[in-house]
Structures are given as C-alpha cells and as structure tokens.
Ligand code: GUN
C-alpha cells in the first residue's frame, strides 16, 4: 500500500518535449535557425545503441536536425578526435554528444575535453563542470537537470532543504549536488565509504539515489514525507515472471519507500524519460547561445 505521490516522469518529459518543439518552431520562424544535434557512438553495445536511436528519434520529433555517427569498436582515438574537430568547426552543428562508455583503448577524458564547451550538450567538459560549480551559465548534465526539474515541480522552492545525493559519479552524483547547492539546499554527498548511511539518509527532505545498486535504499532510511528521486536503472532476475525473465528496478526499494515518502519517482517511468528531454532542451539552449539569441526558458 503506497501513500506517496508517484512522480510521473513520463508526463513531465512529454510536456518538456512539447515546450522544446514549440521553441524550435519559434526559432525557425523568427531566426531561420534549426537546432542540430550530432551523436557519436563507438562500438556495438546494444543498450547504448537503443539510447542513441531514441535520442535521434526524439530530436527529429522536436523538429530539430539529428545526425548520428556509428563508428566501429576498433576506431582509433585519433579518428574520433578528428571527427569532433570537424563538428566543432561546423556552424550547422550546435550540439555534440559522444555516447559513453567508450571502448577501453580510447581516453574518455581526452575525448570529452575535445568537444567545444558551447556544443557540449552533455555538460561533461571541465569548462561546463567549472561553470556549474561557480554559478555561471553552463550546459548542465541531462540526468541531474531532469531530476532537478522533477523536484522543483513537486516541491517548489528548495531553499534550505536538506538533501542527500547517494553516488558521486561525474554524470549524476556530483552535478546533482552542485545543482541542489545552487538551489540553497544543504547537501550531503554520500558514497560507498559513507559511515551511517541510513542515518544520514533519514535526515534528508530530498533523497537522490544514483549508486547503481538495486534497491539499496530501504524504506526505513526515508524520513516521513521526504521526496525520493531514484536515478537507478538495474536489471535483476524476476523468477516470479517466469523462467529466465528479468525486470528493471531502481536504487530504492520502491514498495517500502513509497509507504513513507511524500513523493517518489518510479523505475521505469520516473527520471529516465527526463534525460533525453533535457538533452533536447540543452541543444536548443546551445543553438541559441551560438547564434547570439536569448535562450527561451524551458
Ligand atoms: N551513457 C550513459 N548516460 C550517458 C549520458 O548521459 N551521456 C552520454 N554521452 N553517455 C551516457
């Protein structure tokens, strides 16, 4: 029996995509500008190919130009860097995204550093990381930005709230903490070495779980009425569905947490859909900035 409000990320993402599509139509009509996103994927990881296909489809559905470069796993690093250089110089390309992870022979930090920061729609370049932490206009990583949008839609002003971010990755945990700090939350960044994690968690009005461990956060870690954002997407065996079947679960034990929380995101259908919607939003913002146009509020 759940008492928490279930935060419908699918619906929020659809609404954001619709706002992006409106903004794109306006940019075309008023400035003759069509934002364009180029995605590069190296290798043949099936899950990554699904993500990249979805990115392309949703980019086109928003009225933007989508290009995808699918490179073989053995692509030399220099070839990838040369492609990025070419896209950096291409005025008709406003956003560049290199799908991660990259094959082991390619130095990820070198590749991310090669992307022109104003085209870095993932927000992973150190310049954007620095801008985010110093309160300057940054392109912000899509998943934490999506989490923040969901939080603000549910909570409103986050000023003075106690937040805990569980996980310290560059993609989610660290930028999430920066965004919450910028909203004047008191932020704890927890990780695998954190002492007394359940107790720290119970102090929080806002819990963002991004550790990649299935159902690690238990119901009795959650303060009554807290808002829980579950970034985890973990595939686990589901024998109850039949032999060899599996299912997706988050980093939070949903059944338990939903009895205590004020609101919670489900998995799937919570944070997940927000990521690509925020990528589309970042592409519009990047295209506007590159053309000296005030970016719309999205
Ligand atoms: N792989 C998993 N998540 C992401 C993401 O947000 N951006 C990129 N480029 N690769 C990813």
Tilt, helix 173-182 to longest principal axis of the chain (alpha-carbon atoms), in degrees rounded to tens, equals 90 degrees
Among beta bridges assigned by DSSP with both residues in the chain, the antiparallel ones amount in percent, to the nearest 5, to 10 percent
The helix 142-155 Cα axis meets the longest alpha-carbon principal axis of the chain at an angle in degrees, between 0 and 90 and rounded to 10, of 50 degrees
Given 207-220, 79-92, the highest-first ranking by average Cβ count within 10 Å works out to 207-220, 79-92
A student asked for the Cα radius of gyration and Dmax of the chain in angstrom ought to give 19.4, 57
Between residue 170 and residue 28, the two model label points (7 Å from Cα along the beta-carbon direction) sit apart by a distance in nm of 3.6 nm
The stretch 78-105 scanned against label point 7 Å out from residue 44 along Cα→C-beta; backbone N under 18 Å for 101-105
Between the modelled labels at residue 110 and residue 186 (7 Å from Cα along Cα→Cβ) the distance in nm is 4.5 nm
Between the Cα axis of helix 272-290 and the main Cα principal axis of the chain, the angle (0 to 90°, nearest 10) is 40 degrees
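Per-residue counts of other Cβ atoms within 10 Å, averaged by peptide: what ranking do you get for 33-39, 113-119, highest first? Display every interim value, and only then the final one.
Numbers: 33-39: 22.6, 113-119: 20.0.
Most protected by this proxy first, the peptides run 33-39, 113-119.
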For the pair residue 255 and residue 157, the simple spin-label estimate (label points 7 Å beyond Cα toward Cβ) gives in nm 4.0 nm
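Does the stretch 153-298 classify as rounded, prolate or oblate by the C-alpha gyration tensor (a ≥ b ≥ c root eigenvalues; a/c under 1.5 gives rounded; else a/b over b/c gives prolate, otherwise oblate)?
Numbers: a/c = 2.06, a/b = 1.33, b/c = 1.55.
Oblate is the answer for the stretch 153-298, as a/c is 1.5 or above yet b/c matches or exceeds a/b.
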Sorted on mean Cβ neighbours within 10 Å (highest first), peptides 252-258, 233-239 come out as 252-258, 233-239
So residue 291 and residue 247, fully extended at 0.36 nm per residue minus their Cα-Cα distance, gain in nm 11.4 nm
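FYI, it's all coordinate maths here, none of it is from the lab. Given the structure is predicted, the values throughout are model-derived calculations rather than measurements. Neighbour counts are summed over all protein chains in view; Cβ atoms, including those assigned to glycine, are modelled from backbone coordinates with ideal geometry.
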